[in-house]
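Right, one structure below, let's go through it.
The values are calculated or read from the model by the stated rules, or taken from the named source; none is laboratory data. Only a predicted model underlies this, so the values are computations on that prediction, with no experimental measurement involved. Ideal geometry is used to build each Cβ from the backbone, glycine not excepted, and the neighbour counts take in all protein chains shown.
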């Protein structure tokens, strides 16, 4: 119980540090005072709970390496399957916390980016499918589709 008193007090002080009030004359304004106090409180709590021992750090690094929260959720491979056709294969990373229903949105967003970058007027979705690869140890979502890029008929130079 005693171990929790200091971290809770630090978190309460973190909330009080971000009062949003007007600065007094001559007072230095820092925008990160609330978050900085929160981080300091969390670090204090972790050190009080002995989370900075090598065993905990090793487990945290392995978990971060497996999950990698900064990696993109979908990997996209684009290949040309004709003069005006592109095939896109999307694979979701193995460990995710959400994003299972966004395959079509990611597909269409990337098709739109390719269309604009290539100077085309629009695109048609020729084929689209999505599913789950039941691989070991983790199942992964995939999506695959083919688009046809269309030039403008009114302004062929565009």
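Descriptive notes on the structure:
- Complete set of residues in segment 41-75 that are touching a helix residue (DSSP H, G or I) at 6+ places or on another chain (Cβ under 6 Å) and at pLDDT 80 or above: 74
- Total residues in segment 123-150 satisfying the condition of being touching a residue at least 60 places away in the same chain (Cβ under 8 Å) and out of contact with any helix residue (DSSP H, G or I) (no Cβ under 9 Å at 6 or more places or on another chain): the figure is 2.
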